[in-house]
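Following: one structure in C-alpha cells, then a few remarks.
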C-alpha cells in the first residue's frame with residue numbers, strides 16, 4: 001500500500017513538473033535590434049524590453065551595434081533571420097539599407113516592427129511610433145515654453161537644420177499652435193544649430209543679445225537645451241530667460257541645477273521599446289490583423305491608436321523638471 005501511495009505521489013509530482021514547464025514554455029523569440037546600442041538612449045531600455053517579452057510569454061534577444069554601422073547592423077539582422085526568430089523590433093539609423101534583408105525576414109514569416117526612426121515601409125510590417133513627430137510633438141514643445149515663462153512674452157526657437165522639411169513642419173505647427181492657444185506669446189526668431197552644440201551655444205548667445213526681451217529659447221531637437229542653458233548662464237540671465245523644449249535628461253540636468261532650465265520634455269525610450277515588443281508579440285499572435293483604425297486596446301498603453309494600416313502610436317511624452325530629472329540616466 002505504501003509503495004502504491006509513493007508511486008501515486010511521484011506521478012503527481014511529475015505531472016505537476018510537466019504542467020509547470022508547459023506553462024512556462026516560451027511562445028517564441030523577439031529580437032530588439034538598435035543602432036548605437038551602447039549609448040544610454042537605447043541601453044536604458046534593454047531590461048524593460050526583456051521583461052516585457054517575459055510578461056507576454058516571449059524570449060527577447062536584445063542586441064545591436066555600438067555605432068551606427070550599416071554593414072554590422074545588417075549582419076546582425078541576417079544572423080537573426082537565419083536563426084529563425086519570430087519577430088524583430090528594429091531601430092535603424094538608415095531608412096533604406098536595411099530594407100532588403102528585412103524583406104527577406106518578412107518573406108520567411110518573421111514579423112518586422114520598427115521603432116524610434118522609421119524606415120521605408122517596404123521593409124517592415126508595422127511602425128511602433130510615439131506620435132506624429134512632425135506635428136503633434138510640437139504641442140509639448142510649446143507647453144514647455146509656457147511652463148517656463150508663462151503665456152505672455154517673446155520666445156525664440158533653435159532647430160537642427162533649417163532645410164530639414166520634417167523639422168520645418170514642426171516649427172510651423174508650434175508657431176500656429178502657440179498663436180491659437182496662447183495669443184500673447186510671440187516667436188521672434190527661428191535659428192539653426194546645424195546639429196552642432198557649440199553653434200547652438202553661439203546662436204543662443206546671439207539671440208540673447210539681439211532680443212533683450214526674450215524670455216525663453218525653445219529647442220526643436222533633443223541636443224539643444226544643454227548649450228542653450230550654458231548660454232543663459234554665461235550671459236547672467238538665470239531667472240530671466242529659460243531653456244526649454246526637447247532634451248535628453250542628461251543634457252538638461254546641468255541647466256536644471258543652475259536654474260537656466262526648469263522644464264523640458266522628451267519621451268521614455270525604455271517605454272518605447274516596451275511598446276515595440278508588445279506590438280511584436282501581438283503581431284506574432286495575429287492580434288493586430290483585425291484591429292480597426294482609431295483607438296485600440298493594447299495592454300499597458302491607454303492612449304494606443306492604430307493611426308493607419310501599418311502605423312501605431314501610443315501618444316506619451318515625458319516632462320522633465322528639477323524635481324524628477326535625477327531619476328533618469330539617459
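On a 0 to 90 degree scale, rounded to 10, what angle separates helix 46-56 from the longest Cα axis of the chain?
The two axes meet at around 40 degrees.
Among 166, 73, 312, which one shows the highest mean-square fluctuation when the chain is modelled as a Gaussian network with alpha-carbon springs under 10 Å?
166
Hey, in the GNM for the chain with a 10 angstrom Cα cutoff, which one of 256, 248, 205 fluctuates hardest?
Evaluated over the chain, the most mobile residue of the options is 205.
Using a simple spin-label model with points 7 Å from Cα along the Cα→Cβ vector, what separation in nm is obtained for residue 163 and residue 55?
For residue 163 paired with residue 55, the spin-label model returns 4.5 nm.
When only C-alpha pairs under 8 Å and at least 6 residues apart count, what is the relative contact order of region 175-330, in percent?
Answer for region 175-330 is 17 percent.
7 Å from Cα along Cα→Cβ at both residue 94 and residue 108: what's the point-to-point distance in nm?
My value for the distance between the label points is 2.0 nm.
In deg cm²/dmol, rounded to 500, what helix-only [θ] at 222 nm does the chain give when every DSSP H run of at least 4 residues adds -39500 (n - 2.57) and the total is split over its residues?
Result for the chain: -13500 deg cm²/dmol, rounded to the nearest 500.
Antiparallel as a % of all DSSP beta bridges within the chain, to the nearest 5?
15
Tell me the Kirkwood radius of region 220-304: reciprocal of the mean inverse pair distance over distinct alpha-carbon atoms, in Å.
15.3
Over what distance in Å are the Cα centres of region 170-206 and region 30-78 separated?
Going from one Cα centre to the other spans 34 Å.
Output the antiparallel fraction of DSSP beta bridges having both residues in region 78-185, as a percent to the nearest 5.
0
Cα-Cα pairs above 19 Å in region 138-266: how many percent?
37
Which whole-angstrom value gives the distance between the alpha carbon centres of region 87-104 and region 267-330?
20
Could you give the angle, 0 to 90 degrees to the nearest 10, between helix 249-258's Cα long axis and the longest principal axis of the Cα atoms of the chain?
The angle comes out at about 40 degrees.
Kindly express, to the nearest 10 degrees and within the range 0 to 90, the angle between helix 138-149's C-alpha long axis and the longest C-alpha principal axis of the chain.
In the chain, helix 138-149 runs at an angle near 50 degrees to the longest axis.
For Cα Rg over 2.2 N^0.38 Å, several values are listed as (i) 0.94; (ii) 1.20; (iii) 1.08; flag the one computed from this structure.
Answer by label: (ii).
Here, each number is a calculation from the coordinates, and none is a lab measurement. Everything quoted here is computed from the prediction, not taken from an experiment. Cβ coordinates were reconstructed from backbone atoms using ideal geometry, including for glycine residues, and neighbour counts include every protein chain displayed.
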